[in-house]
Amino acid sequence: MTEQTLAAPIDDQQERQRGFTRYQTLLVALLAFAQFTIILDFIIMSPLGAILMPSLDITAGQFGVAVSAYAFSAGASGILAAGFADRFDRKRLLLFFYVGFTLGTLLCAMAQNYHVLLLGRIVTGLFGGVIGSVVLAITTDLFPLHLRGRVMGFVQTAFAASQVLGIPAGLFLANRWNWHVCFFAIVGLSIAAIGIIAFAMEPVDAHLKLKQDKNPFHHLVATIGEPRYTLAFAVTTLLATGGYMLMPFSSAFTVHNLGIDITHLPTIYLVSGLFSIVTGPLVGRASDAFGKYPTFVFGSVVSVIMVLIYTHLGHVTLVTAITVNVLMFVGIFSRMIPSQALMSAIPDASQRGSFSAVSASLQQLSGGLGSMLAGAIIAQAPDGSLIHFDRIGYVVVASAIVSLIAMYFVQKSVAERAGRSVV
């Protein structure tokens, strides 16, 4: 049985040209919605910080620990789950971790003190951190390579949608009632998603027909030790480290360094998110039409230019700040989407789940370390402005250049296995 058969892709030439079937369209929507709830739960903590800290009487350091707890517990769970990721029906695996994520979010919603909130973030990270890897494995199993760019494009719009819909809605609920309501709302959305997945999604178990290592630990070791995967894991680490260094401090930099009033922050989030919702699917189509690596090169060039401009800005107008943010997100999405589509072609069908779980774990751990590194580089002036923010930009640019070179060899390996010059 070939990988093409196991991926359950489109056999008929007419079907290939037409694109997604009805079921595939429903599946993409379900996976994107699942990603939306996971990402929203993660990023909602940052804008809620100003409300959470006085409400629970905690320091900025304690709040930082609560935010980091999610990333580090998610990283640990990815490694632990990797050995079992290919031993079960991926639908059941998705439901299991989604239920655990929902219970963790419910614990956050009911928290009346810091310790319960911290426990809730740890539980949420343990389960939520694996869901992204399961989604990626399902996408790889059910969609052929020539469609995966579009699928990744739609799924990644969940990040933009969480900015456009999630953050403003969350802040409205928190200001209208209290911060607990934000997490209760995510719980409600997650329960609805679990119900639809349980009844509408078909089993994803073709990989179970392949020969599997009976020992989960051996399966994990075999995946980590596979030479073909080493470079892919390194690129994943570089991409996450660079991305997470700017994100945690972007709001403070925008207000104190760019001189944008804090009341205009939602406007920047809204406009950037709307552009990203449009950009995501277009980048996905471009990566399928023109090639994954050429699209990644375009995104890297745009990202390098915009990061250098962004980290060296002084006081600017709101229009300038929005324009720079929009172009920077175009570059980020033009790297993220084709890189994920390209990475999905690397693992063997029998190791897709474990490969995705290890990659997700590396993303979380390197993202957490990237945030800590950025915090060690910058300092805050008496007036609140961030000092040495340009140095973070240089680190991000250096990681982008190295990942661009490394990704060339990743795509070369995939192309050779596929018998093509460009993937």
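The values are calculated or read from the model by the stated rules, or taken from the named source; none is laboratory data. In this text the structure is predicted, and so the values were computed from the model without any measurement. Here Cβ is always computed from backbone atoms with ideal geometry, including for glycine, and neighbour counts include all displayed protein chains. Calculation scope for accessible area: heavy atoms of the full protein, side chains included, ligands and nucleic acids excluded. Shrake-Rupley method; radii C 1.70, N 1.55, O 1.52, S 1.80 Å.
Regarding Gly166, is this residue out of contact with any Phe, Trp or Tyr (no Cβ under 6 Å at 6 or more places or on another chain) and open to solvent by less than 40 Å² (accessible area, probe 1.4 Å)?
Yes: the conditions hold for Gly166.
Please tell me if Ile337 is touching a residue at least 12 places away in the same chain (Cβ under 8 Å), open to solvent by 20 Å² or more (accessible area, probe 1.4 Å) and either in contact with a strand residue (DSSP E or B) (Cβ under 9 Å, 6 or more places away or on another chain) or not aromatic (Phe, Trp, Tyr) (or both). Show your work before the answer.
Details: touching a residue at least 12 places away in the same chain (Cβ under 8 Å): yes; open to solvent by 20 Å² or more (accessible area, probe 1.4 Å): no; either in contact with a strand residue (DSSP E or B) (Cβ under 9 Å, 6 or more places away or on another chain) or not aromatic (Phe, Trp, Tyr) (or both): yes.
Taking the combined requirement at face value, the residue does not satisfy it.
With (1) within 24 Å of Ser399 (Cβ to Cβ); (2) within 19 Å of the chain's Cα centre (by Cα) as the list, and Ala286 as the residue in question, which single condition is left unmet?
Exception for Ala286: condition (2).
Residues are listed down the side, and each one gets a yes or a no for (1) crowded, with 21+ Cβ neighbours inside 10 Å; (2) under 22 Å from the mean Cα position of the chain (by Cα):
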| position | (1), (2) |
| --- | --- |
| Gly170 | yes, yes |
| Ile186 | yes, yes |
| Ala192 | no, yes |
| Ala198 | no, no |
| Ala206 | no, no |
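Identify all residues within region 310-332 that are part of a helix (DSSP H, G or I) and among the aliphatic types (A, V, I, L, M); write none if there are none. It would help to see each step written out before you state the result.
At the first step, the residues of region 310-332 found to be part of a helix (DSSP H, G or I) are 310, 318-332.
Leu318, Val319, Ala321, Ile322, Val324, Val326, Leu327, Met328, Val330, Ile332, listed by residue number.
Suppose the filter is of a type in the set (A, V, I, L, M, F, W, C), surrounded by 19 or more Cβ atoms within 10 Å (Cβ to Cβ) and touching a helix residue (DSSP H, G or I) at 6+ places or on another chain (Cβ under 6 Å); does Ala406 pass it?
Details: of a type in the set (A, V, I, L, M, F, W, C): yes; surrounded by 19 or more Cβ atoms within 10 Å (Cβ to Cβ): no; touching a helix residue (DSSP H, G or I) at 6+ places or on another chain (Cβ under 6 Å): yes.
Answer is no for this residue.
Just to be sure, is Gly280 assigned to a helix (DSSP H, G or I) and of a type outside the set (D, E, K, R)?
Values: assigned to a helix (DSSP H, G or I): yes; of a type outside the set (D, E, K, R): yes.
Judged against the criteria, Gly280 is a match.
Looking only at residues that are open to solvent by 10 Å² or more (accessible area, probe 1.4 Å) and modelled with pLDDT under 75 in region 56-84, which one is nearest to the chain's Cα centre (by Cα)?
Among them, the one singled out is Gly64.
Taking region 139-155, which residues are surrounded by 24 or more Cβ atoms within 10 Å (Cβ to Cβ) and either of a type in the set (A, V, I, L, M, F, W, C) or more than 16 Å from Ser359 (Cα to Cα) (or both)?
Within region 139-155, Phe143, Arg148, Gly149, Arg150, Val151, Met152, Gly153, Val155 meet the criteria.
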